[in-house]
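The block underneath contains the structure these notes are about, expressed in structure tokens.
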Amino acid sequence: MTVHDMKHAASDSARLEAVGGRLSRVDGPAKITGAAKYAFEQQLEGLAHAVLVGATIAAGKVTAIDTRAAETAPGVLAVLTPGSIMELKGASDWFGRPPAEETYCPLVREVTFSGQHVAAVVAETFEQAVAAAALVKVWYDETPAIVDLSDGSDGIPIDAMTKEWGDAQAAFAAAPVRVCAAYNTPREFQAAMEPHGLIARWEGDALTIWEPSQWLDGMARTYAEWFGVPFENVRLVSPYIGGGFGSKALALAHSAVAAAAAKMLGRPVKLVLNRPQNFTSYGGRAATRQTVAIGADREGRIQSIVHRGVNETAVDGMWVEPLGSVTSIMYATPNFSSKQNVVRVNTVVPGAKRAPGENPSAFGIECAIDELAYELGIDPLEMRLINYAEQDPEAKKAWSTRQLREAFAAGAEAFGWAKRSPAPRSMRDGHQLIGWGVAAGTYPVRRAYGEAMVKLLADGSAEVESSSIDMGQGTYTILAQTAAETLGVPVKQVSVKLGDSRLARAGVTGGSRLAGVMTGAVYKAAGQALDELIGLALSDPRSPFHGLQANTLVVKDGRIASPRGDGPEISIPELMGTLGREKIEAKGDTVPASFTPQQRYNNYTTIATAIPHTEGDYSRHSWCAHFVEVRVDEDFGTVRVSRVVSALDSGRLYNPKLAESQWKGGIIMGIGQALLEEGIVDRRHGRIVNGNLADYMLPTNADIPDIQTISVGIPDPHSSALGGKGVGELGIVGVAPAIANAVFHATGKRVRDLPITLEKLI
């Protein structure tokens, strides 16, 4: 290797390691080799195993439970029922609002959905607990159940979801061209490979929980409130997570059962949900239905949008899927009206699944725009550009950055959109009808505050610590890159410790907020550590830089020098040794200085202090445009996605390689949503009948074509310290309508109910 080659390689390495470089995941080798230990893989002495017993009815009362056979089964330590489990205190919700009831029992007498926990068995081994749980007999007084949205009334109005300006109804009635259609999405589930579960261990009044968690501090607060112990007494450990997608952010009923059992038995207890229980122990995306009415002039300019939405929620809990979130901001219109209701059905409380609200909202408006384009004979891409919103139509504020025009242009060019034949059924390859569809998507920039500890050690290595987590999106990697670039050390010398609530505080990992929050905190902490190092180098009499007429020094590749090159050049370990320092550490946070201790606590343990995306002078969002090709078998009606080109604006990318992976993951989930995913309910008993990975259809490698992603983002200083915007949630938004629009182009048949299956096409 020549000197030139060596310099070139060093330069490439520096670019790879810096923020914005395409560094591979630093946690990858541990996961590939099996060295990564997940939360409930801990081997603890005296570990007992708990198994849950679920209700076999959807509505009614438990009238009796016979536990005698289970109690005398081999290895059984305890059988817990609503009457025998210890009483817990009510806990505040994720907003920090006080509980409705003073006490809480995770095992129920009043059944509100099939599969709800009514009992639990704890035994020496998992196999013994499973066998004994099958011996528990439960009797019910069953009452009629509300199975799904078709059973319910119009529902309960959610006033906070109402958005109106102008006179939308009158403008729609007067518009020369009108379209009005209903769009429906079914119940969907996160279906993470790693099931939910935990290990709970008490040592006196101190509780340690090993549990996959997207929100260690928030979940620790719930445990502390349930058991009436100080927050500091609860430690949550979650080093790696095998998929969450919004489902692993809260301490749930099964979590309470395990922690209570451990307390009652005085020994650690492990509880892992089986696969069917992963479909009933927490909520996936709620089923939705929405009607979108658009009125336009004959040139295609929208005059009015009238939107009505409804989503299912639980009988004993509330979940609102904000169906007007994309509808209200994607296109310019002088008249707008959006209202939303919820309908109570006998289901577990729904929850957050990737891009809650924005995902189904985009399905409605992006399909309706496509229908309007065909009604007017205007190209669907041109229709979107005609109605491009130059500012936030709802907030009446400028966009912080909106590279959506650039996304449309880059995506169309790469896809070859100009070659599209506009008429439905006009493109084919033998017996395959070919369709091209387009749709846009968006996701708000959800900002919050976080903190990180950065330590510079005597050997020149650095450590980053935070209670934030990595569930596959690359937190370990981007925080290592941020610290390495800021400190001026090679990334291989930076270790990152995450997933322990004893470390520096962090809020929920959800809503695509973690990267922006935590890179900002690490950048600040590392900057403070670097400033202290340079300050000591210039001021300490033992330092070789002491007396140098310089007000700063340069640290690069772990070596320190004068910016003028007129002094010594030494390594960080050499300087630390000269100064007699074992470490330099700094905690950096992005929390306002005016925050009280209570506000700081609330910031990390509730979402009450989340910063609105329209705060101040700007409206902050990520944006995307999806171009999709489908091939539909003319005889059988089967649909395959054969090509995807997506252009996305997520601002500055901290690591393009990892961002592209996240985008593609969202797009793949969108393909599953459009063509495969559907929770099927047995209307006789209100049960999910496909609650397993064989019958709940998910996309596999064979279903996924080549996916091209294009970044069109520019740094957005209004959205985060380093200029990035949300990545993880964005990719899925707009994929399903792009596929539905492509299916219409291929077949001439408009499918408005997901998933798009062959029986809906033939």
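The values are calculated or read from the model by the stated rules, or taken from the named source; none is laboratory data. Worth saying up front: this structure is predicted, and the values here are computed from it rather than measured. Glycine gets a Cβ as well: all are built from the backbone with ideal geometry, and neighbour counts include every protein chain shown.
Please list, ordered by first then second residue, the pairs with beta carbon atoms under 6 Å, 6 or more apart or interchain, first in region 91-119 and in the same structural domain as Tyr601 (by TED's automatic domain parsing) and at negative phi, second modelled with pLDDT under 95 and of a type in the set (A, V, I, L, M).
Nothing qualifies.
Out of region 374-395, which residues are among the hydrophobic types (A, V, I, L, M, F, W, C) and farther than 12 Å from Tyr331 by Cβ?
Leu376, Ile378, Leu381, Ala395, listed by residue number.
Would a scan of region 369-377 turn up a residue that is assigned to a loop (DSSP other than H, G, I, E, B), in contact (Cβ under 8 Å) with a residue 60 or more places away in the chain and either touching a strand residue (DSSP E or B) at 6+ places or on another chain (Cβ under 8 Å) or not basic (Lys, Arg) (or both)?
Checking region 369-377: not a single residue is assigned to a loop (DSSP other than H, G, I, E, B), in contact (Cβ under 8 Å) with a residue 60 or more places away in the chain and either touching a strand residue (DSSP E or B) at 6+ places or on another chain (Cβ under 8 Å) or not basic (Lys, Arg) (or both).
Which one of these is more than 36 Å from the chain's Cα centre (by Cα) and of a type in the set (Gly, Ala, Ser): Gly567, Gly616, Gly588?
One residue alone meets the criteria, Gly567.
Which number in (1) part of a helix (DSSP H, G or I); (2) farther than 17 Å from Glu188 by Cα; (3) not basic (Lys, Arg) marks the one condition that Ala293 misses?
Here Ala293 clears every test but (1).
Mind listing just one residue for me: the one in region 113-142 that is of a type in the set (A, V, I, L, M) and part of a loop (DSSP other than H, G, I, E, B) and, of those, surrounded by the fewest Cβ atoms within 10 Å (Cβ to Cβ)?
Ala134
A quick yes/no check of all residues on (1) of a type in the set (D, E, K, R); (2) closer than 17 Å to Arg652 by Cβ; (3) out of contact with any Ser or Thr (no Cβ under 8 Å at 6 or more places or on another chain):
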site	(1), (2), (3)
Glu451	yes, no, no
Leu456	no, no, yes
Ile469	no, no, no
Ile478	no, yes, no
Val489	no, no, no
Gln493	no, no, no
Tyr523	no, yes, no
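Just the residues that are more than 16 Å from Ser719 (Cα to Cα) and surrounded by fewer than 20 Cβ atoms within 10 Å (Cβ to Cβ), please, taken from region 394-409.
Glu394, Ala395, Lys396, Arg405, Glu406, Ala409 - these are the residues of region 394-409 that are more than 16 Å from Ser719 (Cα to Cα) and surrounded by fewer than 20 Cβ atoms within 10 Å (Cβ to Cβ).
Here's a check for you: in region 439-470, which residue that is hydrophobic (A, V, I, L, M, F, W, C) and under 30 Å from Glu366 (Cα atoms) is nearest to the chain's Cα centre (by Cα)?
Per the criteria, the residue is Val445.
Across region 721-741, which residue is surrounded by the fewest Cβ atoms within 10 Å (Cβ to Cβ) among those that are within 19 Å of Val751 (Cα to Cα) and touching a Cys at 6+ places or on another chain (Cβ under 8 Å)?
Asn741
Cβ-Cβ under 8 Å, sequence separation 6+ or interchain: first residue in region 15-33 and assigned by TED's automatic domain parsing to the domain that holds Asp470, partner acidic (Asp, Glu). Which pairs?
If the second residue must be acidic (Asp, Glu), the pairs left are Glu17/Glu485; Ala18/Glu485; Val19/Glu485; Leu23/Glu17; Asp27/Asp470.
Which number in (1) crowded, with 23+ Cβ neighbours inside 10 Å; (2) among the aliphatic types (A, V, I, L, M); (3) under 26 Å from the mean Cα position of the chain (by Cα) marks the one condition that Ala145 misses?
Of (1) crowded, with 23+ Cβ neighbours inside 10 Å; (2) among the aliphatic types (A, V, I, L, M); (3) under 26 Å from the mean Cα position of the chain (by Cα), only one is false for Ala145: (3).
Which of (1) modelled with pLDDT of 95 or more; (2) closer than 21 Å to Ala448 by Cβ; (3) surrounded by fewer than 18 Cβ atoms within 10 Å (Cβ to Cβ); (4) in contact with a strand residue (DSSP E or B) (Cβ under 6 Å, 6 or more places away or on another chain) is the odd one out, the single condition Arg640 does not satisfy?
So the condition that Arg640 fails would be (2).
Looking at (1) within 28 Å of Gly666 (Cα to Cα); (2) surrounded by fewer than 24 Cβ atoms within 10 Å (Cβ to Cβ), which is the only condition Met453 fails?
Only one criterion in (1) within 28 Å of Gly666 (Cα to Cα); (2) surrounded by fewer than 24 Cβ atoms within 10 Å (Cβ to Cβ) is unmet by Met453, namely (1).
Yes/no matrix, rows are residues, columns are (1) among the hydrophobic types (A, V, I, L, M, F, W, C); (2) under 20 Å from His196 (Cα atoms):
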site	(1), (2)
Met264	yes, no
Leu271	yes, yes
Pro276	no, yes
Ile302	yes, no
Ser328	no, no
Tyr331	no, no
Ala352	yes, yes
Asn359	no, no
Cys367	yes, no
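Name, by its number, the condition in (1) out of contact with any Gly (no Cβ under 8 Å at 6 or more places or on another chain); (2) in the same structural domain as Phe227 (by TED's automatic domain parsing) that does not hold for Val272.
That leaves (1) as the condition not met.
Test Glu390 against the stated conditions and say whether it is of a type in the set (D, E, K, R) and either more than 13 Å from Ser619 (Cβ to Cβ) or assigned to a helix (DSSP H, G or I) (or both).
no
Would you call Pro717 at pLDDT 95 or above and out of contact with any strand residue (DSSP E or B) (no Cβ under 8 Å at 6 or more places or on another chain)?
yes
When both residues are 6+ apart or on different chains and their Cβ atoms are under 7 Å apart, which pairs have a first residue that lies in region 146-164 and is modelled with pLDDT under 85, and a second that is surrounded by 15 or more Cβ atoms within 10 Å (Cβ to Cβ) and assigned to a strand (DSSP E or B)?
Asp151/Val345; Gly152/Val343; Gly152/Arg344; Gly152/Val345; Ser153/Val343; Asp154/Asn341
Pairs under 8 Å by beta carbon, first residue over 11 Å from Asp27 (Cα atoms) in region 470-490, partner acidic (Asp, Glu), six or more apart or different chains?
Pairs found: Gln481/Glu17; Ala484/Glu17; Glu485/Glu17; Gly488/Asp557; Val489/Asp557; Pro490/Glu17; Pro490/Asp557.
If you check Thr327, Thr333, which single one turns out to be touching a His at 6+ places or on another chain (Cβ under 6 Å) and closer than 23 Å to Ala398 by Cβ?
Result of the check over Thr327, Thr333: Thr327.
Please identify the pairs in which a residue from region 660-688 that is without any contact (Cβ under 8 Å) to a residue 60 or more places away in the chain has its Cβ atom under 8 Å from the Cβ atom of a residue that is surrounded by fewer than 21 Cβ atoms within 10 Å (Cβ to Cβ) and part of a helix (DSSP H, G or I), counting only partners at least 6 apart or on another chain.
From region 660-688, the pairs are Gly672/Asp703.
Among the residues of region 332-358, what is the count of those that are under 28 Å from Ala173 (Cα atoms) and either part of a helix (DSSP H, G or I) or touching a residue at least 40 places away in the same chain (Cβ under 8 Å) (or both)?
Of the residues in region 332-358, 12 are under 28 Å from Ala173 (Cα atoms) and either part of a helix (DSSP H, G or I) or touching a residue at least 40 places away in the same chain (Cβ under 8 Å) (or both).
Just to be sure I understand, how many residues within region 643-668 are touching a strand residue (DSSP E or B) at 6+ places or on another chain (Cβ under 8 Å), of a type outside the set (Val, Ile, Thr) and over 17 Å from Leu381 (Cβ atoms)?
10
Does Thr291 fit the bill of being within 26 Å of the chain's Cα centre (by Cα), outside the structural domain of Asp205 (by TED's automatic domain parsing) and among the hydroxyl-bearing types (Ser, Thr, Tyr)?
no
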